[in-house]
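Asker: The following block contains the structure, expressed as structure tokens.
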Amino acid sequence: SVYRIADGSDEYIWVRVSASSVPQRSGRSLFYLLYSDITEEKIREQRYNNELILREQTVDGKALYAFRFNLTMDVMETCTVSDSSPYFDKDDDLDKVLSKMMENVPSEKQRNEFIARMSWTALVDAYLGGCDSVEYECQMMRPGEAVVWVHNSVKILKQPRTGKHTAFFAGKDVTMEHVSADMLHTVAQKDYDFVLYVAVSTAGSIPLPS
């Protein structure tokens, strides 16, 4: 059993209580109670839960996909897929999931770089090397053969209670950011008085004065 108790000051600590009995020759039994301070464990667990909630809440409307993967077991735990994303099967291991995603990446170079950074082996090696997050941007095809820039990110967290490792994957459409960067570069290189980009697919525009 786990309890939260006062430690004699204004603070509280978490303790785990376990009991065991030892039979005696007399026929009676001696009972032992063991109290363990697990405050640090509960703090780590709360931090993990807060991070879990934060990760779930930060998936915005630009997200093309988001899923949580148990790296230790190599199985998917949850998956949020938009209508324009690749379809995932929860029975697939991580490399199978990434293989399906790569079917939508037209560039062979970007496909190879993506796998090199985000495969199961690559993520485990990165984590063991002290890196708990990986990011990579590449172009992906969406339905209708539209090509968009996607910011792919992975965050790895260790579950305090089980010791297993969870990876949070998310892909965000950052096409407009790339367009804006290209336009600024063009404006810096050329002597234009005015540049206007009209995004037909989103009925938006970005005026950039020189």
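The values are calculated or read from the model by the stated rules, or taken from the named source; none is laboratory data. Given the structure is predicted, the values throughout are model-derived calculations rather than measurements. Here the Cβ is made from the backbone with ideal geometry for all residues, glycine too, and neighbour counts use every protein chain on show. Heavy atoms of the whole protein, side chains included, go into the accessibility calculation; ligands, DNA and RNA do not. Shrake-Rupley method; radii C 1.70, N 1.55, O 1.52, S 1.80 Å.
Asker: Along the Cα→Cβ direction, 7 angstrom out, place labels at VAL22 and ASP93. What is the inter-label distance in nm?
Answerer: Distance between the two pseudo-spin positions: 4.7 nm.
Asker: Given the whole protein assembly as supplied and a 1.4 Å probe, what does the accessible area of LYS109 come to in Å², nearest 10?
Answerer: 140 Å²
Asker: Quick one: length gained pulling SER107 to TRP120 fully straight, 0.36 nm per residue minus the C-alpha distance? Write down the numbers at each step before the final one.
Answerer: Values: separation 13, 0.36 × 13 = 4.68 nm, distance 2.12 nm.
Stretched fully, the SER107-TRP120 segment lengthens by 2.6 nm.
Asker: Just flag the GluC sites (Glu not before Pro) in the range 119-158 sitting in loop per DSSP whose Cβ has no more than 10 other Cβ atoms within 10 Å. Show your work: numbers first, answer last.
Answerer: Numbers: sites: GLU135, GLU137, GLU145; in loops: GLU145.
Filter output for the range 119-158: GLU145.
Asker: While we're here: Going highest first, how would you order 31-41, 146-156 by mean Cβ packing within 10 Å? Don't jump to the answer; show the numbers that get you there.
Answerer: Details: 31-41: 11.5, 146-156: 18.2.
Descending mean neighbour count gives 146-156, 31-41.
Asker: With a Förster radius of 41 Å, plug the Cβ-Cβ distance of ILE13 and GLN139 into 1/(1 + (r/R0)^6) and report the FRET value to the nearest 0.05. Working shown, then result.
Answerer: On the way: r = 52 Å, r/R0 = 1.28.
Calculated value: 0.20.
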